[in-house]
Amino acid sequence: GIVRMRETKGQPLWAVLSGTPQVLKQLLRSPATLITGGLLVVMGIYRIIQRTFWSILATQKLLVPEAYLALYPFARSITTLLFFFLVMPRVRKLDTRTPLLLGLLGLIASQAILIVIPAQSYLLLLLTTIIEGCSLPLASTHIEKLAVITVDAQERARIIAILYTVVLVCTSPF
């Protein structure tokens with residue numbers, strides 16, 4: 001991004017944007033980048049839905065008292081923070097696919113458990129929260145890594161900008 005800003009310093013905006021159709025074609029011809037974009041969209045939708053409906057599900061279906069509702073996101077945040085500092089440095093050495101797959105499977109498992117647990121199962125709710133707290137950093141960081149390594153290094157800034165714009169457009173209805 002910084003290199004691109006130096007290269008285009010002083011150029012009119014329309015001149016800078018004139019290369020966008022070629023970059024868009026390059027993005028559309030790269031299956032790995034398209035899959036990564038799809039994963040980014042799915043994760044964006046997941047986060048929006050989870051943030052919007054989790055508290056409703058917890059209070060109305062699982063009958064968690066509102067006074068204790070904040071404890072679960074707190075537990076998720078602490079778990080995520082600990083996972084980032086204690087586990088993620090070791091995971092960096094692994095191939096991207098394995099942690100990404102584990103993260104996505106963990107997110108699916110946490111949501112599946114969340115859907116089927118009976119009312120007032122506070123420990124199971126805590127378990128899903130902890131699984132999600134561990135899975136989210138695995139999935140998110142490795143999808144972001146894929147977004148960087150699957151694009152052409154010369155056009156990385158523009159391709160990533162287009163990719164995230166598409167993600168924003170696709171997730172905004174949710």
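The values are calculated or read from the model by the stated rules, or taken from the named source; none is laboratory data. On a predicted model such as this, the values are computed, not experimentally measured, just so you know. Quick reminder, even Gly has a Cβ in these numbers, built from the backbone with ideal geometry, and neighbours come from all protein chains shown. What goes into the accessible areas is simple: the full protein's heavy atoms, side chains included, and nothing from ligands, DNA or RNA. Shrake-Rupley method; radii C 1.70, N 1.55, O 1.52, S 1.80 Å.
Solvent-accessible area assigned to carbon and sulfur over the chain amounts to 71 percent, based on a 1.4 Å probe. Please give the net charge around residue 33, taking every other residue with its beta carbon less than 15 angstrom from that of residue 33, where Lys and Arg add +1 and Asp and Glu add -1. Once positives and negatives cancel, what remains is +2.
Evaluated at q = 0.13, 0.17, 0.19, 0.20 Å⁻¹, a Debye calculation over the C-alpha positions of the chain (equal weights, vacuum) places log10 I(q)/I(0) at -0.76, -1.07, -1.21, -1.29.
Counting only lysines at least 8 places from residue 145 when in the same chain, those with an alpha carbon closer than 21 Å to its own are 93. The per residue volume of the convex hull around the alpha-carbon atoms of the range 20-106 is 146 Å³. Residues of the chain: accessible area per residue at 1.4 Å, in Å²? That works out to 62 Å² for each residue. Taking each DSSP H run with n ≥ 4 as -39500 (n - 2.57) and averaging over every residue of the chain yields -24500 deg cm²/dmol at 222 nm.
Computed extension length for residue 113-residue 165: 15.5 nm, one decimal, from 0.36 nm per residue of separation with the Cα-Cα distance subtracted.
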